[in-house]
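> Okay, here's the structure, questions in a sec.
The values are calculated or read from the model by the stated rules, or taken from the named source; none is laboratory data. Since the structure is predicted, the reported quantities are computational estimates derived from the model, not experimental observations. Positions of Cβ are backbone-derived with ideal geometry, glycine not excepted, and every protein chain shown enters the neighbour counts.
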Amino acid sequence: MYELRVEGMSCNHCVSMVTKSVLGIDRAAKVDVDLKRGIVRVESKESMDAIKDAVSEAGYPVIAASLV
């Protein structure tokens, strides 16, 4: 599981966009967004870099990422 620190999320639309960006590269991924803390947890077969790129391309900069 990956834990991403993401900037720019402020509403449920942001949560939806981040989730869709991850599911766009891995439909089987499990995505949990903690909007208040700016944390996105992802369980996916894709690489951490691929997940970070997808979220960033959706307009939400990933400022830190780690395995959990």
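> Which of the residues belonging to region 19-36 are in a loop (DSSP other than H, G, I, E, B) and under 14 Å from E7 (Cβ atoms)? Give the steps one after another, and end with the answer.
Filtering region 19-36 down to residues in a loop (DSSP other than H, G, I, E, B) leaves 24-29, 35-36.
L35, K36, listed by residue number.
> Pull out all pairs, ordered by first then second residue, where Cβ-Cβ is under 6 Å, the residues are six or more apart or on different chains, the first lies in region 1-12 and is part of a loop (DSSP other than H, G, I, E, B), and the second is among the acidic types (D, E) and modelled with pLDDT of 95 or more.
M1/E43
> Turning to a different aspect of this structure: Which of the residues that make up region 39-68 are over 23 Å from H13 (Cα atoms), at pLDDT 95 or above and surrounded by fewer than 16 Cβ atoms within 10 Å (Cβ to Cβ)?
Selection gives K45, S47, D49, S66, L67.
> If you go through region 4-37 one residue at a time, how many are under 18 Å from P61 (Cβ atoms) and either of a type in the set (A, V, I, L, M, F, W, C) or surrounded by 17 or more Cβ atoms within 10 Å (Cβ to Cβ) (or both)?
The total comes to 15.
> For region 37-52, which residues satisfy the criterion of being among the acidic types (D, E) and part of a helix (DSSP H, G or I)? Lay out the reasoning, then the answer.
Initially, region 37-52 is screened for residues among the acidic types (D, E), giving 43, 46, 49.
Hit for region 37-52 is D49, nothing else.
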